[in-house]
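Data block below; observations after.
The values are calculated or read from the model by the stated rules, or taken from the named source; none is laboratory data. A quick note: this is a predicted structure, and the numbers were derived from the prediction, not measured. Heads up, the Cβs are rebuilt from the backbone with ideal geometry, glycines too, and the neighbour counts pull from every protein chain shown.
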Amino acid sequence: MHDKLPTYFTPDSYEEKMNLGTFDVHIWSIYLSQSRPIIPKLLDILTPTEQERANGYRSFQAKDTFIISRGYLRVILSKYLQIQPKSIELAYTTRGKPYLVGNWKLEFNLSHSQDLIVYAITENRPIGVDVEYLRNFPDGVNIATRFFSPLEAEFIRDCPATKQSLAFFQGWTSKEAVLKATGEGIAGGLAKVIVELNPDLPPRLLNDSQWFLTKVIPAPGYLAIVATNAKINCKMFDFLDK
């Protein structure tokens with residue numbers, strides 16, 4: 001169930017505090033297309049370094065995506081931290097994963113696919129999230145052959161045509177979520193993370209009991225997987241208006 005916030009949720013509306021339980025993960029979703037009218041407001045709450053990075057994109061689409069994703073990250077985090085979005089200090093690991101500077105309990109991750117951005121927020125535990133737009137994807141077989149384990153690639157090749165793309169996307173999102181939670185990113189090696197590919201079964205890691213995977217449907221036509229180091233309770237919020 002989604003707890004829907006007003007469509008015109010503004011960058012300065014952080015007064016209502018959001019609270020997290022011990023095993024809670026809050027999932028936030030937003031459409032890029034509906035956020036473009038407030039890009040100037042979102043740009044204004046970015047740091048000079050972030051603004052410079054945004055202006056470095058040659059593609060208007062890439063620039064808008066960066067501004068919206070980083071701007072709303074600040075808006076969302078501000079509701080937990082109870083400080084102004086612009087005052088939040090973010091840094092990045094060597095592999096590009098953003099994190100909060102200072103002695104904050106909050107942990108977060110974000111992902112983007114097509115028109116959707118998804119954020120996952122929790123406390124005191126590493127977290128990774130990946131979202132993918134579900135579609136017929138014949139290239140999934142070739143990508144799995146190159147980057148998944150041999151047995152996983154074989155499973156996808158042998159899947160019925162109606163489930164092949166779903167199997168690939170469940171595998172890809174699961175692997176990405178785990179590698180983002182560990183901080184390694186996909187450079188850490190997709191093949192070493194062995195996951196359940198059958199889309200009729202819950203996602204799970206098959207070669208590591210440390211990480212738990214949770215499937216989330218953040219919007220129609222999208223699949224997200226959240227990776228944490230404990231079983232979690234997901235609560236969903238959104239700015240979606242479609």
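For segment 72-120, list the strands (runs of 3 or more DSSP E) that sit wholly inside it and hold at least 2 residues that are crowded, with 17+ Cβ neighbours inside 10 Å and in contact (Cβ under 8 Å) with a residue 40 or more places away in the chain; which are they? In segment 72-120, 106-113 are the strands (runs of 3 or more DSSP E) which contain 2 or more residues that are crowded, with 17+ Cβ neighbours inside 10 Å and in contact (Cβ under 8 Å) with a residue 40 or more places away in the chain.
Report yes if Lys215 is basic (Lys, Arg) and modelled with pLDDT of 95 or more, otherwise no. Against the criterion (basic (Lys, Arg) and modelled with pLDDT of 95 or more), Lys215 qualifies.
Annotation: Gly221 fulfils all but one of (1) surrounded by fewer than 19 Cβ atoms within 10 Å (Cβ to Cβ); (2) over 19 Å from the mean Cα position of the chain (by Cα); the unmet one is (2). One residue stands out among those in segment 179-204 that are touching a Gly at 6+ places or on another chain (Cβ under 6 Å) and assigned to a helix (DSSP H, G or I): the one that is surrounded by the fewest Cβ atoms within 10 Å (Cβ to Cβ), which is Leu179. Restricting attention to segment 121-159 and to residues that are polar (S, T, N, Q) and in contact with a strand residue (DSSP E or B) (Cβ under 9 Å, 6 or more places away or on another chain), the residue that is surrounded by the most Cβ atoms within 10 Å (Cβ to Cβ) turns out to be Thr122. Got at least one residue in segment 128-138 being outside the structural domain of Gly21 (by TED's automatic domain parsing) and assigned to a helix (DSSP H, G or I)? No, that holds for no residue.
Among the criteria (1) in contact (Cβ under 8 Å) with a residue 24 or more places away in the chain; (2) out of contact with any helix residue (DSSP H, G or I) (no Cβ under 8 Å at 6 or more places or on another chain), the one Pro40 does not fulfil is (1). Of everything listed in (1) part of a helix (DSSP H, G or I); (2) touching a residue at least 12 places away in the same chain (Cβ under 8 Å), the single unmet condition for Glu52 is (2). Residue pairs whose Cβ atoms lie under 6 Å apart, sitting 6 or more positions apart in sequence or on different chains, and linking a residue in segment 140-157 that is within 17 Å of Leu205 (Cα to Cα) and touching a residue at least 40 places away in the same chain (Cβ under 8 Å) to a partner that is aromatic (Phe, Trp, Tyr) and crowded, with 17+ Cβ neighbours inside 10 Å, are Ile156/Phe168.
From the list Ala181, Ala167, Ala187, which residue is more than 20 Å from Ala120 (Cβ to Cβ) and in contact (Cβ under 8 Å) with a residue 40 or more places away in the chain?
On the way: Ala181 fails: more than 20 Å from Ala120 (Cβ to Cβ); Ala167 fails: in contact (Cβ under 8 Å) with a residue 40 or more places away in the chain.
Checking each option against the conditions leaves just Ala187.
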